[in-house]
Amino acid sequence: MSSWVIGMMLGVSVFLGSIALVALMWAIKKGQFDDKEKFLNAALYDDEEELNDAVKMEAKRKEALRKKEYRPE
């Protein structure tokens, strides 16, 4: 691989990484991650029935995955 290709790949990756860093800093500055109420309310208003349904759905998903991976020889 020639050196200009490596240089180009390195330049593009540094450029994209800096864009991601600027976007993250902007989101932190604007308070995008300060929504503590959402997580507290989710924990408070979940009832036992919804949690049981979630456990049953997870068990069904695992069973379907197990059946899908079964390969008789």
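Some notes on this structure:
- Estimated FRET transfer efficiency (A54, A27; beta-carbon r; R0 30 Å; 0.05): 0.55
- Measuring r between the beta carbons of K62 and L16 and using R0 = 30 Å, the FRET efficiency lands at 0.20.
Every number in this text was worked out from the coordinates using simple rules, so none of it is lab data. All of these numbers come straight from a predicted model, not from anything done at the bench. Counting neighbours? That spans all protein chains shown, and the Cβs are built from the backbone with ideal geometry, glycine included.
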